[in-house]
1. Mind counting the residues in segment 58-109 that are surrounded by 12 or more Cβ atoms within 10 Å (Cβ to Cβ), hydroxyl-bearing (Ser, Thr, Tyr) and within 19 Å of the chain's Cα centre (by Cα)?
2. From Ser212, Ser174, Ser201, grab the single residue that is within 23 Å of Glu120 (Cβ to Cβ) and among the hydroxyl-bearing types (Ser, Thr, Tyr).
3. Just the residues that are touching a residue at least 60 places away in the same chain (Cβ under 8 Å) and aromatic (Phe, Trp, Tyr), please, taken from segment 195-247.
4. Evaluate the following for Gln146: is it of a type outside the set (Gly, Ala, Ser), closer than 27 Å to Val227 by Cα and either surrounded by 12 or more Cβ atoms within 10 Å (Cβ to Cβ) or assigned by TED's automatic domain parsing to the domain that holds Arg121 (or both)?
5. With the structure loaded, tell me whether Arg197 is out of contact with any helix residue (DSSP H, G or I) (no Cβ under 9 Å at 6 or more places or on another chain), over 30 Å from Val96 (Cα atoms) and not hydrophobic (A, V, I, L, M, F, W, C) or whether it fails that test.
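The values are calculated or read from the model by the stated rules, or taken from the named source; none is laboratory data. The shown structure was predicted, so the numbers you read here are calculated from the model rather than taken from an experiment. Here Cβ is always computed from backbone atoms with ideal geometry, including for glycine, and neighbour counts include all displayed protein chains.
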Amino acid sequence: MLGRVLNGVSCEVKEKAYGTMVEKEGQDDEEEGNYRPSVMMKEMGWSSLKDRRNVERLVQQVKLALEETRGEVLLLLERRQQLQSTKRSLQSLATVQSLLRKLVELLKPCDDKEFPSLVERAALQFNELQFHMSRCQSYLSTDDVQQAELISSRLLSNLNAMFLDGVRQHDAGSISQCLRIYLALGQAKAAEELFRREVVSPAMQDVISEISLQSDPNGLRGLYTHVLAFIDTNMKELLDLTTQSDR
């Protein structure tokens, strides 16, 4: 449509040029005392009114054509964005399905020596899995979501076992690795709760009780001494690691 309007403008320009020539001829004739009809019409204001209306009409046509073109361009851009978004989602969906298969293999029972490194690899891939799942939520099947939840539960279970084993063996390296994985998974609170439930609570039930208080000849002082001994014995590695990280 814009092309047709521009052609019309071109024709209008030609008509203007012709009109200028006619006007010049009219001036020449006027000097000679001869009046042509076109000159008389101009004097009456007819030609100027017609030219102005034609120009206004052409300007309006150009505006309409530009608006239509602008609308078409915006529509094409919107469709392009939708296609790009769909393509990105489908690519993430393919990655999700690939990662699910890899994680199932990584979390299978294995030798104790390989266990820590496999858990850490699984944690890294699980983070990647969560990222891609967030980009293709509308395309995920129920099986995909359930499998991801099962993998998450299994991964955390393996990590908890690895953490408790490191605490009980006073293995600072293993504890440090576990804490790093907990942080990567956003599960620092889970590590705190696990340590409180499985390590601190059972020990404190024996140390802080009516029976232990009555049986200890030092009374409260003796109870306090037992608590400090527990901290020095069972929490030394954790305290050292967390103190270093705070620095």
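1. 4
2. Working: Ser212 fails: within 23 Å of Glu120 (Cβ to Cβ); Ser201 fails: within 23 Å of Glu120 (Cβ to Cβ).
Of Ser212, Ser174, Ser201, the one residue that is within 23 Å of Glu120 (Cβ to Cβ) and among the hydroxyl-bearing types (Ser, Thr, Tyr) is Ser174.
3. none
4. Details: of a type outside the set (Gly, Ala, Ser): yes; closer than 27 Å to Val227 by Cα: no; either surrounded by 12 or more Cβ atoms within 10 Å (Cβ to Cβ) or assigned by TED's automatic domain parsing to the domain that holds Arg121 (or both): yes.
The answer is no for Gln146.
5. yes
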